[in-house]
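Structure first, then comments.
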Amino acid sequence: MAVLSMSGQPVAPVGLMGRPVYELRGVSKTFAKRNVQALDKVDLTLREGTFSAIIGPSGCGKSTLLKIMAGLQPPSSGSVILEGKPVMGPRRDIGMMFQQATLFPWRTTLENIVLPIEIRDGKAAARAKYDQARQLLDLVGLNGFESVYPSELSGGMAQRAAICRMLITEPAVLLLDEPFSALDELSRDFMNMELQRICLERNATTFLVTHSIPEAVILSDVVYVMSPRPGRFVEAITVDLPRPRTLDMMTDPRFGALVHRIRSHLDKGAFQ
Amino acid sequence: MTQAQSTAAAPLMPEQTVWSEHVSWIDRVPRWVSMVALMVGFLAVWQLVYLIELVSPIILPSPLETIEDLFVVGRNLLTGDYMLKALWVTTQEVLLGFIIAVVFGFALGVLVGETSFGERAVMPYLVAINTMPKVAFAPLFVSWLGFGIASKVALAAFIAFFPVIVGTAAGLHAADQNARMLFKTMGASRWQTLVQLKLPIGMPHFFAGLKNAAVLTVVGAVVGEFLGGGKGFGELIRVAAAQLDTPRVFSLIIYLSLLGLATFWVVAWAQRRFVFWHKETVTEETLGQ
């Protein structure tokens with residue numbers, strides 16, 4: 001598995017030299033009941049401040065990998081180390097976001113955002129975080145919506161609130177499972193740019209699962225292409241477009257070449 | 001040539017409406033008008049059946065007689081006479097029965113909905129008991145608890161607590177996969193997941209069960225009075241029917257249904273108050289399903 005740029009030269013953007021935050025070694029997962037090998041000896045290192053994406057056809061084990069990284073499922077073998085400590089269950093230094101915002105309708109936006117604090121440290125600790133939650137609402141452009149109930153938020157606004165909820169615990173890594181795929185295309189592009197801004201501002205280490213090749217390329221420093229049954233990385237492609245990325249870069253020939261390269265991998269995999 | 005032009009179809013003006021939405025007449029009149037009209041029609045048919053003596057007047061009183069008797073019973077209730085005392089007895093039975101049904105139904109619902117022991121071992125017995133005709137237990141309750149209020153409360157609670165169990169258990173399963181996973185990522189304990197996620201999300205189901213229970217407690221209390229005597233409203237109905245005083249039976253039933261409506265409304269009010277985020281469908285709202 002070589003990290004290569006399009007020109008064939010090894011490329012090392014500043015981020016790729018950073019301190020390793022997440023380290024996966026030989027992670028395999030077999031579902032004994034269905035006798036399916038979902039993951040086969042996956043190695044992965046996420047360095048501080050980098051944005052990585054994983055892309056692959058449906059059922060290639062992306063979501064399983066994410067759940068193992070998040071401590072929601074144990075691997076069958078292999079190790080997952082985050083910040084020097086093995087992941088043995090859900091941890092507060094892991095922030096997660098899903099396709100659905102899943103805000104709870106009986107809580108205001110602010111109360112939804114501090115929910116992770118309330119669950120871990122109790123109501124008083126959650127109230128103490130209100131100011132920080134308001135700052136996060138500012139960050140995602142939702143100021144003024146703190147006491148609104150989720151039924152009054154649009155899909156994009158709900159996902160922004162979900163971003164705040166993910167960030168309130170100040171996680172070391174962000175694991176994103178197709179976070180904006182339920183939004184319309186215009187909101188999705190916009191939210192992706194917002195996501196980049198937030199990640200750059202906070203120097204966040206981010207791992208994104210997606211089905212969209214352009215989304216993976218425009219956001220990531222490295223795109224991992226995964227093949228199914230058993231799930232393993234076929235290639236890790238370094239994206240050497242400058243930061244901050246803009247939507248205009250989608251017309252850049254380098255962007256098109258990267259998209260083409262990833263697509264050719266996926267097309268090979270899809271018709272096996 | 002000019003004539004041909006003038007006889008051709010007149011040119012359409014852009015502001016002319018040629019095709020518009022058709023609104024049926026029933027949608028144009030206010031709702032209360034259609035309701036009153038239906039009631040008047042029903043009373044007219046009833047009066048007609050009475051006038052041509054299709055059935056014996058002893059079995060079916062005229063609407064006028066019934067309305068007259070509604071005033072007699074209403075006066076009795078307002079002056080605090082024996083009927084008010086009977087209504088108070090039945091109200092107590094309904095309220096106590098309802099409270100017991102809610103407490104036990106909720107506890108059993110949580111047991112069945114949250115624990116595998118409840119789901120595997122307790123649920124089959126509950127299903128079996130629920131298929132039994134529950135009013136058939138009335139004589140048993142009378143022989144256990146006597147002819148007083150206790151046996152009626154027991155029957156009312158027994159009939160009403162099944163929908164509460166079902167509503168509670170269904171509500172506990174209402175949280176979707178995303179919400180459960182989110183709570184897992186936050187490291188929530190089982191208790192936290194129950195109290196902060198499953199119970200609030202299940203509230204609409206729980207209240208649907210409560211509405212059914214509210215109606216069923218009245219059924220239970222009155223059936224209990226029919227079969228076990230006592231001093232309630234059901235006993236008044238039984239006596240009136242035995243005396244072939246059918247106008248009285250009808251008016252007593254109408255007042256009794258107000259008791260059922262009142263409990264239903266209290267539950268519906270509580271639901272709007274506590275489950276403010278949930279928009280109900282029309283059928284749920286009106287039928288308590």
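The values are calculated or read from the model by the stated rules, or taken from the named source; none is laboratory data. Since we're looking at a predicted model, the values are computed, not measured. Quick reminder, even Gly has a Cβ in these numbers, built from the backbone with ideal geometry, and neighbours come from all protein chains shown.
For the reader, a short list of remarks on this structure follows.
- Exactly one residue out of B:Ala170, B:Ala179, B:Ala175 is within 14 Å of chain A (Cβ to nearest Cβ), part of a helix (DSSP H, G or I), of a type outside the set (Ser, Thr, Tyr) and under 30 Å from A:Leu103 (Cβ atoms): that is B:Ala179.
- Filtered residues of the stretch A:47-89 (kept if under 16 Å from the mean Cα position of the chain (by Cα) and facing chain B (nearest Cβ under 10 Å)): A:Lys67, A:Ala70, A:Gly71, A:Leu72
- A:Ser151 satisfies every condition listed in (1) of a type outside the set (Asp, Glu); (2) surrounded by fewer than 21 Cβ atoms within 10 Å (Cβ to Cβ); (3) under 20 Å from the mean Cα position of the chain (by Cα); (4) outside the structural domain of A:Leu24 (by TED's automatic domain parsing) except (3).
- The test for being under 21 Å from B:Val110 (Cβ atoms), surrounded by 20 or more Cβ atoms within 10 Å (Cβ to Cβ), more than 15 Å from the chain's Cα centre (by Cα) and in contact (Cβ under 8 Å) with a residue 24 or more places away in the chain holds for B:Lys198.
- Considering residues of the stretch A:93-129 that are basic (Lys, Arg) and buried (at least 18 other Cβ atoms within 10 Å of the Cβ) only, the residue farthest from the other protein chains (Cβ to nearest Cβ): A:Lys129
- The helices (runs of 4 or more DSSP H) found wholly in the stretch B:70-153 and carrying at least 2 residues that are under 25 Å from B:Gly228 (Cβ atoms), of a type in the set (S, T, N, Q) and touching a residue at least 40 places away in the same chain (Cβ under 8 Å) occupy B:82-114.
- Counted residues, the stretch A:148-166 - those being within 14 Å of chain B (Cβ to nearest Cβ) and farther than 25 Å from B:Lys184 by Cα: 2
- Test set (1) surrounded by fewer than 20 Cβ atoms within 10 Å (Cβ to Cβ); (2) among the small types (Gly, Ala, Ser); (3) in a helix (DSSP H, G or I) - A:Ala158 fails condition number: (1)
- Helices (runs of 4 or more DSSP H) wholly inside the stretch A:71-140 that include at least 3 residues being farther than 30 Å from A:Pro20 by Cβ: A:109-113, A:123-128, A:130-139
- Lone qualifier among B:Ala208, B:Ala241 - being outside any loop (DSSP other than H, G, I, E, B) and either within 14 Å of chain A (Cβ to nearest Cβ) or under 13 Å from the mean Cα position of the chain (by Cα) (or both): B:Ala208
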